[in-house]
Amino acid sequence: MEKPVVEVLALGKTVDNGGEPLTILQDISFSVMPGETVAIVGASGSGKSTLLGLLAGLDVPTAGEIRLDGVALAALDEDERARQRGKLLGFVFQSFQLLPSLNALENVMLPLELAGSRTSTATARDWLARVGLEHRLKHYPKHLSGGEQQRVALARAFAPNPRLVLADEPTGNLDAATGQQIIEMMFDLNAKQGTTLILVTHDEAIAARCGRVLRIQSGRLG
């Protein structure tokens, strides 16, 4: 029987807010099977991005447990969590998060090289061609439009063939037409690769394209 890629069990996150505890997430439980597309929606400040950071192991919960591909993140130290991320995850951020000192090709090559790929240059070239940027390989982020930067980010996320892609408001910094192109491209790449996708968005039309929608209200699943 196939096991979940993501398991979240009674997850909670509380932070110190000037000496007072502030609960951001409370008693969150769900699982995501391989190949699923899941949207996480909710009002600004509801805890969506915090949840995504916890799923990625970029932050640690104050209660509950997260398992990625059957491995409990709490059992790993920071370096081991980073290795788990590199092995399993691709990321697409609202603010693109490209390294300004690297050109488009080098940005896509980076996770491949970190994973020990011997064909990082050829693979990165192929993925940039797949997102329509074969003519922009040597361009640095500052010379690319927002849409082009996000296409580089998509290529970077999918190039290592991750089991899971996490996308945090991937159209948030783009105009409507460009955002629509990016969403079409992301769902197309995801379907072709058979990747599992968890997407944080405030856009109900984007959420409706996912197989399942999780709604967060005041730190709880609604």
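Taking Cα atoms only, the orientation of helix 176-193 departs from the longest principal axis of the chain by about 90 degrees. Within straight-line reach of K13, meaning a Cα separation under 18 Å, sit the following lysines at least 8 residues removed in sequence or on another chain: K48. Near V41, once Lys and Arg are set to +1 and Asp and Glu to -1 for all other residues with Cβ below 9 Å from its Cβ, the sum equals 0. Once you have the Cα-Cα distance between S95 and H139, take 0.36 nm times their residue separation minus that, and quote the gain in nm to one decimal. Separation in residues times 0.36 nm, less the Cα-Cα distance, equals 14.1 nm. Per-peptide packing, taken as the mean over residues of other Cβ atoms within 10 Å, places 51-64, 176-189 in the sequence 51-64, 176-189 from highest down. For K87, a cut-off of 16 angstrom between C-alpha atoms picks up these aspartates and glutamates, skipping any fewer than 8 places away in its own chain: D69, D77, E78, D79, E113.
Summing +1 for each Lys or Arg and -1 for each Asp or Glu among the other residues whose beta-carbon sits under 9 angstrom from that of R163 gives 0.
Restricted to Cα atoms, the stretch 1-154 shows a radius of gyration and a Dmax of 18.0, 53 angstrom. Could you state the angle between the C-alpha long axis of helix 78-88 and the longest principal axis of the C-alpha atoms of the chain, as a value from 0 to 90 degrees rounded to the nearest 10? Tilt of helix 78-88: around 60 degrees. Global dimensions of the stretch 111-222 from alpha-carbon coordinates: Rg and Dmax equal 15.1, 46 Å.
We did not get these values from a lab; they are worked out from the coordinates using the rules stated. Values in this document were obtained by computation on a predicted structure and should not be read as measured data. As a convention, Cβ positions derive from the backbone with ideal geometry for all residues, glycine included, and neighbour counts pool all protein chains shown.
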